[in-house]
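The values are calculated or read from the model by the stated rules, or taken from the named source; none is laboratory data. Everything numeric here is computed off the predicted structure, so don't read it as measured data. Cβ: placed from backbone, ideal geometry, glycine included. Neighbour counts: every protein chain shown. Side chains included, ligands, DNA and RNA excluded: accessible areas come from the protein's heavy atoms. Shrake-Rupley method; radii C 1.70, N 1.55, O 1.52, S 1.80 Å.
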Amino acid sequence: MDKQLDLKVVIVGGGFGGLGMGVALKKAGIDSFAIVEKGGDVGGVWRENTYPGCSCDVPSHLYSFSFAPYRSAKTRYPSQERILAYLRGVADTYDLLPHLRLHTTVVEASYREDIARWELTTGTGEHIVADLLVFAVGQLHRRYVPDIPGREDFTGAAFHSAHWDHRQNLRGRDVAVVGTGSSAGQLLPKIAADARTVTVYQRTPHWVLPKPAAEFGAISRWVLRMPGAHRLYRQALYYGADIALAPIVHRGWSARPAHWLARIHLRRHVSDPALRAALTPDYPIGSKRIVFDSRFHSTLGRENVELVTDPIARITRNGIETGDGTHRRADVIVWATGFRASEFLTPMTVRGRGGRLLREQWSDGAEAFLGLAVPGFPNAFLIAGPNSFNPAGSNPGMKERQIAYIMACLRWRDAIGAPAIEVSGDAMRQYRQWLERAIAKTVWPAAGASWYKHEKGRVTNPWPASARTFARMLHHHPAAAFVPVAANDAAPVTPLPIHRHPPTHDEATPTAS
Ligand code: NAP
């Protein structure tokens, strides 16, 4: 098959970022775009993660688009099914379904300097040519399963938490769960109620904070029926997360209330001192993403649940052997071992100006101006790119900011009549300096390995400041950081000076989103 599609914009990924971008294009009257999605439906991680107990640990009123607020007077924390239904609803309401190209994997994307456009090749042999390329593939979709000796010898069922095997009935079976992050925290209480035994293999304890009930109580429901209450609640969550949670990643006194709360929570739910000691992290809170869950710790105290802290030595045909020589039987192994989050855009081959390969430019860890643009890659943007994951708030909100900025870039490019625009080297340098200073003030550089970091040690994934700071920095006019690029230009023209307070543009006006 050798078809060609000619578009103004091509979006890769049909999750929150890709759908949000599609809505922004529709609102701008642009119909010439496609959303290319490797899966068979929209939803991104909310389509992929179907493990028992999968839900959001950010309240629904905040974890939704500002233009399509999720307004339930009943649900505080939505389940995976509800979020997926919400995203399907957004795709339907904004007429995005005709733009979706499902079951389509982008293999390669190359910038054609002769025409100043992007050319994409898909796994089905399709060619897509577009002015603008937007990667909206998220950070948490490449599953990680550790390469432990004997893994292939296991004769039972083994699967990753993000690829749940629903054919497996866990009732009465011996289940091993490897990992104790957010996914394990959510699935453990559910499977422990069914399985005969659950053995949880912990390498490093995570800090755990309690999560309020998933449904509102009677008084909250009554309050939420008042006019404007949902909006106010959303604003309160936005500012509350910024004020209470964002400072946790900055060492010192600002982290103390969360640290105390986590310790109190552990003490309340785990009475056995040995188990409590095993579950107490020896690193500052915020170094890894905090697990928000109220049932994880208490479930570890169940009779049929065992926490194992000896490192896994090998997998056998019917279980797991730890370093101390103990062998524990398992019928099923659940790999709750997370994602290759720092391998942005892998395994796609992305070529920019002069044939430069993005993977080579990022060999020491990915970086992008405000998580959305890379010098040498004109007219290409990322949503949720490097250092734009908000560990303390709503990521749909972060994505909306980036989408508004990308739209401003598109409008500016059209207004000046340039075939392409590119973030300047100077703007990238200034931003990098700011980012490095901001990251140095956090707990992350001194922390051990986590999905926040590249294997070479650079912190590549989380945003090191508040959501309001992100909004402020994305409030600048693109002319402050981008330069026009002509077709066959060897290099962009001299960068314009960066304005601290350029004229505002509607879509970038900070609101609680
Ligand atoms: P994760 O936080 O990266 O946790 C992976 C776990 O696997 C860690 O406990 C890790 O231990 C362990 N592990 C990795 N390799 C191992 C090995 N060789 N032997 C033993 N243990 C090993 O992954 P996740 O739980 O899937 O969560 C990833 C992210 O997804 C979260 O941080 C969160 O941002 C997001 N998430 C969000 C929600 C939500 O409600 N919004 C729900 C689930 C997930 P170490 O700590 O020692 O590396």
Quarter of the surface of the C-alpha convex hull for the chain, i.e. direction-averaged projected area in nm², equals 24.7 nm²
On the formula 1/(1 + (r/R0)^6), with r taken between the Cβ atoms of Ala73 and Thr93 and R0 of 22 Å, the FRET efficiency rounded to 0.05 is 0.60
antiparallel share of DSSP beta bridges within region 151-335, to nearest 5, in %, is 25 percent
Nearest 10, in degrees from 0 to 90: the angle of helix 80-93 to the longest Cα principal axis of the chain is 20 degrees
For the Arg302, Arg329 Cβ pair and Förster radius 22 Å, calculated FRET efficiency rounded to 0.05 is 0.80
Helix 256-269: inclination vs the chain longest Cα principal axis, degrees, rounded to 10, gives 40 degrees
Measuring from the longest principal axis of the C-alpha atoms of the chain, the long axis of helix 16-27 (C-alpha) lies at a number of degrees, nearest 10, equal to 30 degrees
Restricted to the chain, the DSSP antiparallel beta bridge percent, nearest 5, is 40 percent
The distance between the Cα centres of region 1-47 and region 107-161, in whole Å, is 15 Å
With every protein chain kept in place and a 1.4 Å probe, region 151-335 has an accessible area per residue in Å² of 51 Å²
Taking region 151-335, the whole-percent share of alpha-carbon pairs separated by over 22 angstrom is 54 percent
Ordering Ile403, Ile243 by the accessible surface of their heavy atoms, 1.4 Å probe, largest first, yields Ile243, Ile403
Here the percent of antiparallel bridges among DSSP beta bridges lying wholly in region 32-129, to the nearest 5, is 85 percent
Checked against a 20 Å limit on the C-alpha separation, the offending pairs among Lys26/Lys399; Lys288/Lys453; Lys74/Lys211; Lys211/Lys441 are Lys211/Lys441
If the chain between Lys27 and Arg432 were fully extended at 0.36 nm per residue, the gain over the current Cα-Cα distance would be 142.5 nm
Packing-ranked peptide list from 294-302, 94-102, highest mean Cβ count within 10 angstrom first, is 294-302, 94-102
If amide H atoms are modeled at 1.01 Å from N in the peptide plane, then the residues at a separation of 5 or more from Val12, or on another chain, having amide H under 5 Å from its own are Val36, Val134, Phe135, Ala136
Computed ³J(HN,Hα) along region 243-254: with the Karplus parameters 6.51/-1.76/1.60, θ = phi - 60°, integer Hz and x for glycine or proline, the list is 7, 8, 9, 4, x, 4, 6, 9, 3, x, 4, 5
Listed by chain and number, the residues whose amide H is under 5 Å from that of Ala373, excluding neighbours fewer than 5 places away on the same chain and using placed H, are Leu382
With 0.36 nm assigned to each residue of separation and the Cα-Cα distance removed, Ala157 to Ala487 gains 113.4 nm
Under 5 Å from the placed amide H of Val305, counting only residues 5+ away or on other chains, we find Val198
Here the FRET efficiency for Ala415 versus Ala449, based on Cβ atoms and R0 = 51 Å and rounded to 0.05, is 0.65
In order over region 181-197: 3J(HN,Hα) from phi, Karplus 6.51/-1.76/1.60, θ = phi - 60°, whole Hz, x for each Gly or Pro, gives x, 4, 5, 4, x, 7, 7, 4, x, 5, 6, 5, 6, 9, 5, 5, 9
Restricting to lysines and to Cα separations under 18 Å from Lys38, and discarding same-chain partners fewer than 8 apart, the set is Lys3
Expressed in angstrom and rounded, the centroid-to-centroid distance over alpha carbons for region 226-290 and region 358-398 is 27 Å
So the carbon and sulfur contribution to the accessible area of the chain, 1.4 Å probe, in percent, is 52 percent
